[in-house]
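The values are calculated or read from the model by the stated rules, or taken from the named source; none is laboratory data. Treat the numbers as computed from the prediction; the structure is a model and nothing was measured. Methodologically, a virtual Cβ is constructed for each residue, glycine included, from the backbone with ideal geometry; neighbour enumeration extends over all protein chains shown. Surface areas here come from the heavy atoms of the whole protein model, side chains and all, with no ligands, DNA or RNA. Shrake-Rupley method; radii C 1.70, N 1.55, O 1.52, S 1.80 Å.
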Amino acid sequence: MYVIIAGAGKVGWNLARELLSKDHEVTLIEDDRRRYLVVEQELEHAVQYGDATELWVLERAGIQRADLVIAVTGDDEDNMLICQMAKEKYLTQRIVARVNNPRNLQHFKLLGIQPAVSATDLILRLIEHEVPQYGLVQLLALEGERLEIIELEVVQGAAAAGLRVEEVPLPDGCLIISVLRDGGGFVPKSDTVIEAGDEVLLILDPGLESAITPQFTQSTAAA
């Protein structure tokens with residue numbers, strides 16, 4: 001796989017390093033001369049100096065044959081422009097954009113730049129994962145396929161606790177795909193019994209969370 005990465009900050013540099021270690025072909029583009037010289041000492045020919053928002057720089061890097069373009073500069077407008085050019089002008093099949101300011105995430109979506117990754121948003125998800133009262137954790141949104149994967153902790157006395165997977169009244173478009181219990185995970189069978197304290201992973205159509213969450217996170221006794 002040939003990957004072009006725009007931005008040789010910590011994220012871009014580490015991405016390039018990891019991809020190269022997995023025997024992928026990588027070109028890392030950096031427009032800050034001092035940063036470029038530092039990275040070039042390690043990555044040598046895999047890093048190029050230039051502004052990735054300029055067509056000739058992308059073409060020099062071989063964007064015409066790139067399988068994946070990743071824009072992780074510190075400027076959201078640059079990341080949008082780079083991904084938009086890769087997608088629309090060079091028909092790159094796969095693009096990934098970094099979103100520095102989560103308020104700009106919607107702009108990336110409106111332009112069809114997906115996936116767009118916000119580090120702030122990911123950190124907030126991790127915080128929610130560590131705070132039980134949030135109840136539901138959205139682990140992954142597969143917007144192109146219109147699917148979501150969520151994680152729910154089964155509380156004591158919940159409607160689903162004590163039921164076999166096949167007995168849990170889930171709406172159409174929802175499926176239990178994994179159960180985490182006692183530090184390990186497994187794919188449940190139809191007769192697997194859901195226990196209080198389990199963490200259940202479900203894949204579902206968007207918009208079904210409100211119909212599913214109470215069965216796992218609310219005690220029927222409290223209700």
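Summary of values
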quantity	calculated
Scan of segment 176-205 for residues that are in contact (Cβ under 8 Å) with a residue 24 or more places away in the chain, in a loop (DSSP other than H, G, I, E, B), under 11 Å from V165 (Cα atoms) and open to solvent by less than 40 Å² (accessible area, probe 1.4 Å), ordered by number	T192, I194
Selection count, segment 60-92, where residues are crowded, with 24+ Cβ neighbours inside 10 Å and of a type outside the set (A, V, I, L, M)	3
Positions within segment 1-14 being in contact (Cβ under 8 Å) with a residue 12 or more places away in the chain and either open to solvent by 70 Å² or more (accessible area, probe 1.4 Å) or more than 28 Å from the chain's Cα centre (by Cα) (or both), in sequence order	M1
Selection count, segment 84-108, where residues are in contact with a strand residue (DSSP E or B) (Cβ under 7 Å, 6 or more places away or on another chain) and of a type in the set (K, R)	3
Candidates R17, R103, R34 - the one that is among the basic types (K, R), under 25 Å from E148 (Cα atoms) and open to solvent by 30 Å² or more (accessible area, probe 1.4 Å)	R103
Among the residues listed as G183, G74, G162, the single one being at pLDDT 80 or above and at positive phi	G162
